[in-house]
Every structure is written in structure tokens, then in C-alpha cells.
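The values are calculated or read from the model by the stated rules, or taken from the named source; none is laboratory data. Since this is a predicted model, take the numbers as computed values, not measurements. Heads up, the Cβs are rebuilt from the backbone with ideal geometry, glycines too, and the neighbour counts pull from every protein chain shown. Surface accessibility is based on the protein's heavy atoms, side chains included, excluding ligands, DNA and RNA. Shrake-Rupley method; radii C 1.70, N 1.55, O 1.52, S 1.80 Å.
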Amino acid sequence: MAMEMRLPVARKPLSERLGRDTKKHLVVPGDTITTDTAFMRGHGTYMGEEKLIASVAGSVERVNKLICVKALKTRYIGEVGDIVVGRITEVQQKRWKVETNSRLDSVLLLSSMNLPGGELRRRSAEDELAMRGFLQEGDLISAEVQAVFSDGAVSLHTRSLKYGKLGQGVLVQVSPSLVKRQKTHFHDLPCGASVILGNNGFIWIYPTPEHKEEEAGGFVANLEPVSLADREVISRLRNCIVSLVTQRMMLYDTSILYCYEASLPHQIKDILKPEIMEEIVMETRQRLLEQEG
């Protein structure tokens, strides 16, 4: 029986510039952020004895006179316009309940989605009876946040052909605080796979489709067998994302692609070994710093 043994190795020192640029103001609950009363209180803070105090563990962010603490590990808090990946948990009257990693289940109304074929008309009783044919429990969907209710629940919509039911791929769940906000969260990577970086921390990796025009309102999921080469690329991307998350690096298209390229000399199963994970993430971090100049 083959046995693998690994010995401890000395940790490689970070370059001075790398350590200086990644330094953040981290706080834990009860830490005093500032005693200056001119600052405004934001999320994750409270006032006590004329001091601004942190109520969560995370990094301090300042925008002009507003100070807030961004929690390092938290549930998703919805904002209008966010792209999310979710799983259908329940079919109700004229709506679906969707799990989106938030404190409460999100809602997708029947009136907030395209009918098959992109047909535009009022929703009828026949559409309501056919709801389970459109989406059923366990289906994964991509959607956009349409509204946020007063209790924090999120209302979704899929009124664009780029949203809808997801087919074959891999779902990776990470902390929402590690997904970088960008103009677009749908990325076709040059390695042959595509990713949807949901603001809610759900990341969907799937083979890049050859024909994007042949979509029927986002309801037809491609269930064709995925080739071995595509499965290997998806598995490598998945392990790269897990490595970046373990090292607390922000996830966006460039960081994922750089990490993928840094992992190519290694086998897919070896990427999750601690020493190799640290090596490829450090190389990714240095390339990102060189790009930023």
C-alpha cells in the first residue's frame, strides 16, 4: 500500500512590500476604533462613553467620515443589484423560496421571471400550476437582487437570459466577505471554464458553453456529459478557489486566473496540500501586486 509522508518545512518569509501592502486594521468585539466624535457610526460599530467601539470581528473600513467594520465571516446581507447563486428549497403559491446564504430565505416571485421562450404576458393560473415544471426543489439558479425588505429578506428576479437554471458544474461555498464587488460577476476564463461569483458567497464553476444564443428563457439546463479535460479544469479551479479562501484572499476573475496558472506545475490533488497551497497563493499575491504597480 502506497504511503505518503510529509515533513515540516520552514515557512518562506514574505517580501517586505507584500507584508506592508496587505496589512489591515483588524479589530475584535469591544476594541476601541477611535475616540474622535467627529466620525459617523457605520455597520459593525456602536458608541459607548464617547468612543466608537467594534461590535464584530473584522477589518475597519473608512469612507470619508463614516467608519464601519466588515466582518471576516458573516451571512450574506443583500443589496439591490447583487448577483447571487441560490438553491430552490420550496415551491409556494406564485413564488419560490431560495437559499442564498442569508439569515432568511430569499423569494423569487412567478411574476419576476421570464416565461419559457422569453414570452411577455400576464401570468395565468396555468403558469402557476406549471411552476414545478419551471423550477423545483434542489435546482440551482443564478439571479439578481430586485429588492431588500425591512426584515432583511431578499426578493430576486431572473428577467434576463443570462440568469436562470444552472446545469452541470461545481458549487463552492465561501464567505461573502471574500467575493470582490465588480461590474460583472459572470466570467469566461481563458482556461476553458466559466465562473459565476455570487455576491452571497456561492460560486458556480461550469464548462464554457459553445452556443450562448440557444437559450430558452433560462429554463433549459445543459445535461450533456462533460469531457474529461473540462472536468479536470473545473476541479483545478475549484481547488484554486479553496486555496485562495484558506489564505483569506479576495476572489475575482484575475486572482482566480493567476492562481490557476500558478497551480499548473502541480497535480490537481496536490493543490490542497498546505505547503503547495501557500506557495501558489504567495505567487498569486505577488503577481497581483506587480500588476497594480
Legend entry - Two-site label geometry, Arg248 and Thr89: point separation in nm, points 7 Å out along Cα→Cβ: 2.9
Inset, instruction - Quickly estimate the mean residue ellipticity at 222 nm for the chain, helices only: each DSSP H run with n ≥ 4 gives -39500 (n - 2.57), and the total goes over all residues, rounded to 500. - result: -6500 deg cm²/dmol
Inset, instruction - Would you mind working out the accessible area per residue for the range 149-293, using a 1.4 Å probe, and quoting it in Å²? - result: 49
Legend entry - Positive dipole terminus of the range 25-71, leading residue within Thr37, Asn64, Leu52 (C-beta point charges): Asn64
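Rounded to a whole number, what % of the accessible area of the chain do carbon and sulfur atoms account for, probe 1.4 Å? Could the numbers behind the result be given before it?
Working: 8670 of 16980 Å².
Reported share for carbon and sulfur atoms: 51 percent.
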Legend entry - For Kirkwood radius over Cα pairs in Å, calculated from these coordinates, the label among [x] 21.5; [y] 25.4; [z] 20.3: [x]
Legend entry - Lone cysteines, the chain (no partner Cβ under 4.7 Å): Cys68, Cys191
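Based on the Cβ-Cβ distance of Gln286 and Glu79, what FRET efficiency does E = 1/(1 + (r/R0)^6) give at R0 = 45 Å, to the nearest 0.05?
Computed FRET efficiency for Gln286 and Glu79: 0.90.
Run the dipole for the range 25-71 about the Cα centre, Lys and Arg Cβ at +1, Asp and Glu Cβ at -1, nothing else charged, and hand back the magnitude in debye, nearest 20. Intermediate results must be reported in sequence, preceding the final value.
Working: 5 positive and 5 negative charges, 36 e Å.
Around 180 debye, computed over the range 25-71.
Using 18 Å as the Cα-Cα cut-off, could you pick out the over-long pairs in Lys24/Lys180; Lys24/Lys273; Lys97/Lys162; Lys73/Lys97; Lys73/Lys162; Lys73/Lys180?
Working: Lys24/Lys180 16 Å; Lys24/Lys273 27 Å; Lys97/Lys162 20 Å; Lys73/Lys97 24 Å; Lys73/Lys162 29 Å; Lys73/Lys180 14 Å.
Violating the 18 Å Cα-Cα cut-off are Lys24/Lys273; Lys97/Lys162; Lys73/Lys97; Lys73/Lys162.
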